[in-house]
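Everything on this sheet refers to the single structure shown next.
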């Protein structure tokens, strides 16, 4: 079953597809620059020692996002 | 860290870019690319210039240039900041775009990472919209090979319609082919047919509303307006009125890209927005889009989506992954180095190992150098006696200048020659972004930027370099916080002071084998205190004069790379170490002279230095120091390296530095002038927390463009240091511990 969750709730090691960017302005542009467009596959890789930020695999690059940013990205997970 | 002549002082002050062609035949080549794709290595390999390279995004914070000769022609290579896009979302992207767009390079090389081509194609496609003289350099081919990633360069070149050259810049593979391609493209030897791509129908419609009118308006402006020289040049070379570029500018205008308008005004000398007709066309285009359900955010989404999808498609056709799990090793390493339990201990441990090796390794060469140089001194003195130089001139030159220099060289050189290569090793490996990743939550709590950790790492080398490095932070508020607090990280100029005092006062108390371990721990505590102070002051700034919430940012964790040991050593010794030493000597020599004069010119019974020290004494005493120490800190404003030499010189009744063959003699000297362990602690605290050196202040002024923030950056660490020293001294004295 598919569920829509914010990216920061995606468990480590799991993959999901972007379905909506809630942010706007400069943050939205930055997310787009990373290649986070509709249906882009994202994998949660690793949390930092304090649990935030989290590193994600986005189109082959490893990018760390703070929970605030990741929370603004809605993904479709299984 | 980035300690080169580019970033240590000389280079950082010259950031505005002027490209001077020596001969009209010289070709200007822009070197662009995503951050951390080996752009600087390509630059260094081509030009032989030692621009510092490191494995973390955002090394090139300013345009660096160098040149090389290939065949019969001189090429001026301009290294522009690494960016993921040219959408001008940050200062670096703006600089990059402006140079490619208005700097009018004869060709642009885009360096891409073979292990992550799809993402890099994004920038390639965006650049193709602006310029056609493009060469794509697919770098890091060896890494790709190791990860079993194959790239069909020929197909890539066919798809993009521009030359594609595969390189491995670290081993200089493919560079000749790259230079050939640049040569051919700039001498019009090859016909290029750059790929043109369309956006979706709605966007294309909108562009058509503006585009033809923009051509008309620009042609008119060209004909009727008095243009400045640069823009006439741009116009005459058809840089502006180029169909592809007009298309791109039209789209940017519809998108409402204010930075592009500003740049056009700056480089072309006219404001497009003054043209009422154009405004109407733009408005029409926007209305057309919104009527069809495309608002501003959606327009941007669609533009980017088109490019990203195209990159995805090209990448699918040209890149083959023979091993889907090609990054699994990196993930395994990350799961240890950034793990909840081991992440931070490993980080502190690594720093500790570096310090331990530095302290242990530096002892022997220090002694050898000191013996050698003091040996030369006797010959110098003999020479002056032989030359019948007046005694005071001889004293001034030998006792004043030469001895200060000897101290600086023998104390500074060995730790630097050990510390720099070790630190560079971690940097090359790609460890520093992991440090930023590990520490980010602390910065977030302090409402500061996660990349501040990277600027702090640069500060270890040189605070001035760290301050220039703060450009990687695009939020102005957080950038200021990083600039103001950078001085809490001790630079290479302050390390020797800390190490000397630790060795004399704390390591001396334990038996031989434990000495270096105690020294290392003490130094670690000082550094950690500096980091804690950074968090604390950042937090206070965020709650007071620089109020605000943390801004959003993304941090890339690049793949680990095998450090190039040979290169690290050569670069560290010949480039960084000798350069920094040269700078220290340049400052120390005149300082030695002034101090000698101050210590030897007497007014009444006391020397000038004594008078100053007596004046400062009551205040200095409260802070656990004494008048001479405080005076030494003030006099070493030009360079922090000379604090200890000045203290020594001041303590000598004769007013010149003793031949201190061993640290024991230095210890005796300090003890005889009333030093206790409390004095030592307070000197270390004050060394960690006081005003930035002259070069750093100058850099702050340049970077912030504001006297106010420069003064604040001067005062905050100074006041912090005084307060902390005062509290420490008072508590220790009240408890009767000394």
request  = Starting from the Cα gyration tensor of the range B:465-608, multiply each eigenvalue by 5, take the square root, and state the resulting semi-axes largest first in whole Å.
outcome  = 34, 25, 21
key: On Cα atoms only, tilt of B:495-505 relative to the major axis of chain B in degrees   = 30 degrees
task = Quantify how much of the Cα-Cα distance distribution of chain B extends past 42 Å, in percent.
result = 37 percent
inquiry  = Full-extension gain between residue B:283 and residue B:377, please, as 0.36 nm times their residue separation minus the C-alpha to C-alpha distance.
reply    = 26.0 nm
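Between residue B:529 and residue B:738, how high is the FRET efficiency from 1/(1 + (r/R0)^6) when r is the Cβ-Cβ distance and R₀ = 25 Å? Nearest 0.05. Write down the numbers at each step before the final one.
Details: r = 20 Å, r/R0 = 0.80.
Here the calculated transfer efficiency is 0.80.
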Bridge type composition, the protein assembly as shown - antiparallel percent by DSSP, nearest 5 = 65 percent
message = Just to be sure I follow: if Rg is taken over the C-alpha atoms of the range B:363-417 and Rh is the Kirkwood radius over the same atoms, what is Rg/Rh?
response = 1.08
request  = Can you tell me how much longer the chain between residue B:702 and residue B:731 gets when fully stretched, taken as 0.36 nm per residue apart minus their C-alpha distance, in nm with one decimal?
outcome  = 6.5 nm
note = For the range B:133-191, shape from the Cα gyration tensor axes a ≥ b ≥ c, cut at a/c of 1.5 then a/b versus b/c, turns out oblate
request  = List the extent of the Cα atoms of the range B:371-521 along each of their three principal axes, largest first, rounded to whole Å.
outcome  = 65, 41, 27
query = Using alpha carbons only, what's the Rg to Rh ratio of the range B:87-129 with Rh from Kirkwood?
reply = 0.98
inquiry  = Which of the three applies to the protein assembly as shown, rounded, prolate or oblate, going by the alpha-carbon gyration tensor with a ≥ b ≥ c and a/c under 1.5 meaning rounded?
reply    = prolate
Mean residue ellipticity (222 nm) of chain B, computed from DSSP H runs ≥ 4 via -39,500 (n - 2.57), nearest 500 = -19500 deg cm²/dmol
message = Just checking the output field for B:429-436: average partner chain Cβ neighbours within 10 Å of each residue's Cβ?
response = 1
message = Multiplying the sequence separation of residue B:296 and residue B:594 by 0.36 nm and subtracting their Cα-Cα distance, what value in nm do you get?
response = 100.9 nm
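What FRET efficiency, computed as 1/(1 + (r/R0)^6) with R0 = 56 Å and r the Cβ-Cβ distance, is obtained for residue A:9 and residue B:197, rounded to the nearest 0.05?
0.95
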request  = Could you work out how far helix B:663-672 tilts from the main Cα principal axis of chain B, as a 0 to 90 degree angle to the nearest 10?
outcome  = 60 degrees
inquiry  = Using the alpha carbons of the range A:11-78, what is the convex hull volume per residue in cubic angstrom, as a whole number?
reply    = 75 Å³
note = Expected integer from the mean partner chain Cβ neighbour count at 10 Å over B:337-344 is 3
ask   = What average count of beta carbons from other chains do you get within 10 Å of the Cβ of residues in B:120-129?
value = 1
key: Hypothetical label at residue B:155: residues of the range B:318-337 whose amide nitrogen lies under 17 Å (7 Å Cα-Cβ projection)   = B:318-324
inquiry  = Please list, short to long, the whole-number percent of alpha-carbon pairs of the range B:78-188 in consecutive 5 angstrom bins beginning at zero.
reply    = 2, 12, 22, 25, 21, 13, 5, 1
task = Measure nothing but the geometry: give the 0 to 90° angle between the long axis through the Cα atoms of B:608-622 and the longest principal axis through the Cα atoms of chain B, rounded to 10°.
result = 80 degrees
task = Report the label-to-label distance for residue B:586 and residue B:665 in nanometres (one decimal), using points 7 Å from each Cα along the Cα→Cβ vector.
result = 3.2 nm
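Taken together, the values in this text are just the output of simple stated rules run on the coordinates, not laboratory data. Keep in mind it's a predicted model, so treat the numbers as computed, not measured. Because the Cβ atoms are built from the backbone with ideal geometry, glycine has one as well, and the counts that use them run over all protein chains shown.
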